[in-house]
Structures are given as structure tokens and as C-alpha cells.
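Here's the structure, in C-alpha cells; my notes come after.
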């Protein structure tokens with residue numbers, strides 16, 4: 001039986017429409033953008049704001065902050081691949097029961113082992129349980145930053161590492177580990193940041209105090225099924241390897257989730273087999289050529305493991321660091337053609353890796369002007385600068 005076929009051109013049209021990147025397909029508001037993308041990457045705080053800016057014409061910094069910290073329609077949560085994301089509130093239960101729980105188990109074992117090896121406690125698991133209880137007791141009296149909690153709670157005292165004498169081996173406080181694990185378990189959430197919107201310095205709050213209604217975590221199988229269902233709605237078609245990489249889970253969990261949601265197989269241009277939601281094999285509407293400037297670790301750029309249909313392989317070493325983290329990207333009509341940086345005045349400048357038509361350059365320049373105006377003089381630094389970004393800043 002011949003499988004339905006989804007071409008690379010169709011996959012690029014889906015990016016334009018489903019990822020809200022082409023004019024006419026952008027979304028109205030932060031929650032709508034987040035739902036379109038399933039989740040937003042939040043390892044770098046600015047990525048959340050810039051990912052929304054690329055996909056919504058009338059959403060500013062204050063709107064993103066309001067959605068995160070006032071309306072709380074979207075919530076920061078550590079989940080897949082131990083990565084910090086912004087999730088729609090109704091996806092929390094699925095993440096807590098599956099991806100976050102998987103990472104939490106790994107973290108608990110790692111922390112306990114490190115605590116014992118450092119001589120902080122003979123029983124690392126018991127130490128972690130006591131430290132978490134102390135944090136939750138303190139937060140019952142109100143939100144607090146990591147710095148405040150460290151100063152107030154002797155249970156969070158201690159550092160790990162720094163004994164080898166090597167430059168990269170510096171003592172690390174154990175306090176953030178405790179808060180990370182509490183967040184993975186869904187007991188605490190990251191509230192407003194202390195400082196500028198482009199920094200990650202959260203004030204921690206008990207989940208029960210942050211959300212007016214705290215959902216029960218789904219069981220693991222149901223949680224993975226819901227996350228994969230939403231992923232396919234955004235990124236489908238994707239291969240099993242794509243989903244497994246993005247989910248940070250096992251092949252067994254992925255194949256079970258695909259079966260649970262009744263996903264269908266389709267053929268891809270590279271000869272491989274992809275998966276889509278039931279009935280999602282028809283073509284997308286025609287889209288005029290479009291330009292977009294996406295931030296570091298944008299969810300579109302980081303959406304698949306196999307990226308050749310939108311990212312020329314020869315561009316990869318220029319636009320990704322050695323750990324596979326994507327820097328900024330410049331897109332023309334569904335393909336990555338370069339990156340962007342800011343100068344010292346905050347003006348966005350393009351750095352292209354290939355020649356593009358005059359129409360493309362004009363559209364990209366227009367996006368650079370739009371992003372410059374949106375940032376309004378704010379210069380966004382990043383710890384994930386690609387080689388091409390570094391070269392562009394030096395010229």
C-alpha cells in the first residue's frame with residue numbers, strides 16, 4: 001500500500017502557516033502563539049519574547065510579561081530534555097506526568113549521588129527531601145528568589161565541585177538543584193524575574209499559590225500521548241527519531257504515543273517515513289514568499305532532529321554551536337539563509353550565508369527594521385552565540 005506523500009515544499013508551507021510566521025498567518029496574543037508552537041523555548045528568557053514578536057504583530061514586551069505573570073495563561077516549566085519551556089496552562093498536567101517526571105527521576109538520583117560524594121550528607125535522598133520541605137515551608141509565607149532562600153535556609157547550604165583545580169571546575173551551589181527538582185515535580189513555579197525581562201532570575205512561588213486550580217498530573221502514557229498529539233499538530237510530519245529527540249524520551253514511549261493518538265504514516269522526500277495526525281495529509285494553502293528573523297533556540301529552528309528540508313546542511317556549522325544549540329536565524333520562504341545580530345545601538349543587522357533574490361533581501365530588511373523597532377534600543381545578549389553571529393559582531 002502506497003503511503004500518502006508530504007513533500008518538503010509542503011512541510012515548508014506548514015511552517016509558514018502553522019508556526020505563524022508568514023504575514024496573514026500570525027497570531028493574536030501570547031497564548032495563541034504558544035499554542036501554535038506547542039511550547040516556547042525559555043532557556044534564554046529573551047527567546048520567549050522574541051519568539052512571540054516574530055509571530056504576533058501587535059504584542060509587546062509588556063504583553064508577554066502579563067501573560068506569564070499576571071494572567072498566567074502560560075507557565076514556565078522544565079520538561080523535555082531538561083529544557084525550560086513556556087507551556088499553555090492546560091499542558092502542565094501532561095508534562096508533569098511524563099516528560100517532567102522522567103527528568104525529575106534522573107535529577108533526583110544525580111543530586112543524591114553528588115550530595116553524598118561531596119560529604120554534605122550521608123543520605124543524599126533524605127537530604128533532598130528535607131531541603132525541599134524547608135523550601136516549601138518558607139514559600140508558604142510568600143514568594144522568594146533563590147538568593148533569598150539560600151540566605152534564609154541552612155538546609156540549602158553547601159557547594160559541589162571545585163576540587164580538581166581545573167579552570168572549568170568551580171564550586172556550584174546546591175540550592176538551585178533543589179528548586180529545579182521541585183519545579184520538575186510541579187510543586188513550585190517560576191514567577192516574575194528579578195531584573196530585566198531578558199534575564200532568568202525568577203522569584204519562586206508554590207504552584208498552589210500561583211495557579212487558581214492545580215491539575216492532577218496525567219499518568220505517563222496519557223501525558224506523552226497528549227504532548228505528541230500537540231507536537232504533530234505543530235511540527236508534523238515528523239519521524240520517530242524527530243519526536244524521540246524533541247521529547248527526550250525513549251523510542252518505546254514515542255511509538256506507544258503515536259499508536260495511542262492514531263497517528264498516520266506518510267512518505268517524505270528523503271525516502272523516510274513521517275507521522276501526522278489522523279487525516280492530516282492534505283496540502284496547505286498557497287503562501288506568498290515570506291521572511292522571518294527568529295531568536296536563539298527558537299522552537300521552529302529546534303523543532304526537528306532532521307532539518308535538511310529547511311536548513312541547508314552546509315549552514316549547520318555556522319548557525320549552531322558544538323552542542324547543537326541554534327543561534328539566531330534569518331528565514332526566506334521556509335529556508336534558513338543566515339542569521340542576525342544587533343549593533344551597540346540595538347539596530348538589527350543581517351548576516352546571510354547565501355545570495356538571495358532582491359525580493360528576499362527587501363523582505364528581510366523590513367523584518368530587521370520591525371525587530372529593531374520592537375526591541376526599542378534593548379540589546380539582547382546570549383550565551384548561545386553561533387560562529388556566524390560571532391563573526392557578524394566582529395565586522
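The values are calculated or read from the model by the stated rules, or taken from the named source; none is laboratory data. Because the structure is predicted, anything quoted here is derived from the model rather than measured. Glycine gets a Cβ as well: all are built from the backbone with ideal geometry, and neighbour counts include every protein chain shown.
Where helices (runs of 4 or more DSSP H) fall entirely within the range 205-282, those with at least 3 residues that are touching a residue at least 40 places away in the same chain (Cβ under 8 Å) and surrounded by 20 or more Cβ atoms within 10 Å (Cβ to Cβ) are at 220-235, 240-247.
Determine, yes or no, whether residue 68 is outside the structural domain of residue 377 (by TED's automatic domain parsing) and either within 17 Å of the chain's Cα centre (by Cα) or crowded, with 20+ Cβ neighbours inside 10 Å (or both).
Here the answer is yes, as residue 68 does meet what is asked.
Checked against (1) in contact (Cβ under 8 Å) with a residue 24 or more places away in the chain; (2) touching a strand residue (DSSP E or B) at 6+ places or on another chain (Cβ under 9 Å); (3) buried (at least 22 other Cβ atoms within 10 Å of the Cβ), residue 52 meets all criteria but (1). Annotation: residue 305 fulfils all but one of (1) farther than 21 Å from residue 392 by Cβ; (2) in contact with a strand residue (DSSP E or B) (Cβ under 6 Å, 6 or more places away or on another chain); (3) surrounded by fewer than 18 Cβ atoms within 10 Å (Cβ to Cβ); the unmet one is (2). Among the residues of the range 325-341, are any out of contact with any helix residue (DSSP H, G or I) (no Cβ under 9 Å at 6 or more places or on another chain) and closer than 20 Å to residue 392 by Cα? Within the range 325-341 (the criterion being out of contact with any helix residue (DSSP H, G or I) (no Cβ under 9 Å at 6 or more places or on another chain) and closer than 20 Å to residue 392 by Cα), the answer is yes, since at least one residue qualifies. For the range 339-354, filtering for residues that are crowded, with 16+ Cβ neighbours inside 10 Å and either out of contact with any strand residue (DSSP E or B) (no Cβ under 7 Å at 6 or more places or on another chain) or part of a loop (DSSP other than H, G, I, E, B) (or both) leaves 1.
Screening the range 95-129 for residues that are free of Cβ contacts under 8 Å to residues at least 60 places away in the same chain and under 23 Å from residue 191 (Cα atoms) and picking the one that is surrounded by the most Cβ atoms within 10 Å (Cβ to Cβ) gives 128. Within the range 371-388, which residues are under 18 Å from residue 51 (Cα atoms) and touching a residue at least 40 places away in the same chain (Cβ under 8 Å)? Scanning the range 371-388 gives 371, 374, 378, 380, 381, 382, 383, 384, 385, 386.
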